[in-house]
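**Q** Take a look at this one; I'll ask things after.
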Amino acid sequence: MLCDNIRDWFNDYLDGDLTLKKKQIVDDHLSQCSKCHQEFEMLKHIDARLRQEIRFMFEDIPVPGSLPQKIEDRLDLNVKASFFRLLQSYRRYTGIAAALIVFATAYGIFQQYFSSTPIPNFISGNSPQVIVENINPTGSSDALPGDSTSLSRDESSGQSIQNKNHKEDMLFHDSNLPAKPEDTSGVDATYSSTGALDRSLPQETDALPGTGKADGPNVGGGTSGDTRAIASKISSEATPPAGGETMMADKAATGLNNEGRLNLAATPSGCDPLLPGYLPEGAKLIKADRQEDTVRLYYTAGQMNFFIEESPAQGNKTSTNGLTNGKKVKINELDGFLLNKTPSGEIGLSWQSDHLLLTIQGNLSENELIKIAESM
Amino acid sequence: MNDDASELKLIHAAQAGNKEAFSELISRHVSYSYRVAYSILQNQSEAEDLTQDAFLTCYRKLAGFRKESSFRTWFSRIVVNLCYDHLRKKRREGALLGKISDRDTATVKDWMDNVDQSMEIKNALKLLSDSHRTVLVLYYELDLSVKSVAKIMNIPVGTVKSRLAGARATLREILERG
């Protein structure tokens with residue numbers, strides 16, 4: 001091959017743009033032709049020198065000292081601008097958001113002043129305060145502590161409120177109402193007053209300020225010789241511990257399975273808890289717990305919250321006679337006592353069915369309350 | 001810790017949103033990127049603006065940097081692409097106004113004619129047209145292949161090769177004269 005043809009490929013060779021076959025031909029020729037070899041070495045030298053000069057030229061380009069700061073500044077501006085662009089993209093929803101806020105506020109005000117249904121206090125998470133107050137034969141409530149721990153001590157010492165030698169009754173008591181000492185000496189025992197009721201509510205009683213409950217309303221008043229159990233002291237915000245979110249956070253703690261169904265073992269007596277055949281529209285079981293013999297089922301339906309409590313009657317009868325803050329009602333031919341609605345909208349119903357003492361309590365209507373009771 | 005490892009650490013931190021790490025990347029690469037921009041644009045203020053734009057682009061795209069090449073290579077591509085977008089825009093505007101730069105259309109022969117016998121190579125290179133100088137910078141400084149240079153500059157591979165060959169021939173002539 002002619003030297004000129006070979007030399008035409010030198011630049012391609014240096015550019016790395018020569019096929020392997022042509023490269024091999026050039027290499028073979030260079031090994032045989034000293035003139036072409038010399039020419040190629042010269043071109044390689046020029047190429048290396050050009051690379052060097054370009055790099056010198058490149059390194060000599062002066063860089064403005066302020067450039068890094070300018071970049072930082074623009075970066076900061078850009079980040080802020082991106083944030084405001086993001087905000088602007090949501091501007092179209094501001095009208096909707098404002099309308100929702102106005103609506104929610106108006107609804108809250110309406111509920112506060114015109115509706116008997118209280119707004120659950122989700123922030124404080126207050127649960128209904130329930131106490132069992134044991135009135136000793138002398139009528140002094142000081143003798144009984146307001147917490148369940150102390151009550152247990154009473155039981156263990158043989159001074160249980162379940163003492164059958166004493167007349168017992170149970171009534172709902174609203175702490176906002178003045179105590180109304182009633183003479184219940186002549187009443188027939190209808191309701192079972194159980195220590196189990198108290199034991200079923202450790203959380204609630206723990207929430208009470210210790211012995212502070214001892215200065216609670218002395219329901220026993222002048223009733224001598226009675227041991228009276230007062231159940232379910234409902235606080236002014238009293239709503240059953242709905243707060244579905246909190247409750248459902250721990251399935252194990254709710255007594256429900258993943259499908260939201262009851263997941264409690266049968267009571268020691270071998271009976272499964274009774275479930276209502278009727279529930280208000282939208283009502284859902286959100287929690288169930290059992291303390292020994294007492295089962296409590298918590299339901300919620302929007303603003304409405306209530307619970308159903310079931311405990312063994314244990315043969316003790318408590319009377320509703322003489323109670324003035326409610327009325328007697330019939331639940332499927334059985335006697336029951338319906339407590340008047342409290343200012344906070346809570347009502348309660350208690351009755352005995354076979355061997356069970358049943359209680360329903362919450363901020364639902366009387367009609368709904370009776371319907372639930374009759375469906376059990 | 002060697003430079004590569006520390007740079008990799010910086011990149012990881014910057015990708016995780018560490019502003020200080022990104023600032024360190026800026027200080028490490030600002031000079032090189034500005035010089036690349038200046039080599040292509042031959043205009044200080046434009047090179048500054050484009051370097052800033054390149055870092056903003058880098059900030060947005062850093063999460064997508066997969067470290068298949070060095071950061072410098074990856075970032076240089078951003079700078080070069082932005083510069084060429086800018087030049088294309090300028091050319092379009094220039095064409096509309098009938099003001100196509102003479103320097104852009106200059107040939108190797110024009111350059112050789114202007115090179116004085118006694119002129120240093122450095123000064124001779126300054127007489128190159130912008131597009132010729134860009135080919136040399138991309139090829140020799142950024143170590144891009146002929147095909148990559150052609151692709152970036154949107155010119156035929158043959159054009160890139162002829163410019164490289166012309167630069168070698170001119171340099172040879174200067175050296176042989178000297």
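**Q** Could you grab me the full set of residues in the range A:46-77 that are open to solvent by less than 70 Å² (accessible area, probe 1.4 Å) and more than 7 Å from chain B (Cβ to nearest Cβ)?
**A** A:Ala48, A:Ser66, A:Asp76
**Q** Name the single residue, out of those in the range B:36-75 being in contact (Cβ under 8 Å) with a residue 60 or more places away in the chain and within 12 Å of chain A (Cβ to nearest Cβ), that is nearest to B:Asn154 (Cα to Cα).
**A** Selected residue: B:Ile40.
**Q** In the set B:Arg28, B:Arg35, which member is modelled with pLDDT of 90 or more, closer than 19 Å to A:Met57 by Cβ and in a helix (DSSP H, G or I)? Write out each step before concluding.
**A** On the way: B:Arg28 fails: closer than 19 Å to A:Met57 by Cβ.
Checking each option against the conditions leaves just B:Arg35.
**Q** Please count how many residues of the range B:132-161 are of a type in the set (S, T, N, Q) and open to solvent by less than 10 Å² (accessible area, probe 1.4 Å).
**A** 1
**Q** Scanning the range B:162-178 for residues that are facing chain A (nearest Cβ under 8 Å) and either open to solvent by 40 Å² or more (accessible area, probe 1.4 Å) or modelled with pLDDT under 85 (or both), which turns out nearest to B:Asn81 (Cα to Cα)?
**A** B:Leu171
**Q** Conditions first: (1) at pLDDT 90 or above; (2) within 10 Å of chain A (Cβ to nearest Cβ). B:Lys19 passes all but one, so which condition is the exception?
**A** (1)
The values are calculated or read from the model by the stated rules, or taken from the named source; none is laboratory data. As the structure is a computational prediction, the values presented were derived from the model and not from experiment. Methodologically, a virtual Cβ is constructed for each residue, glycine included, from the backbone with ideal geometry; neighbour enumeration extends over all protein chains shown. Only protein heavy atoms, including side chains, enter the accessible area calculation; ligands, DNA and RNA are left aside. Shrake-Rupley method; radii C 1.70, N 1.55, O 1.52, S 1.80 Å.
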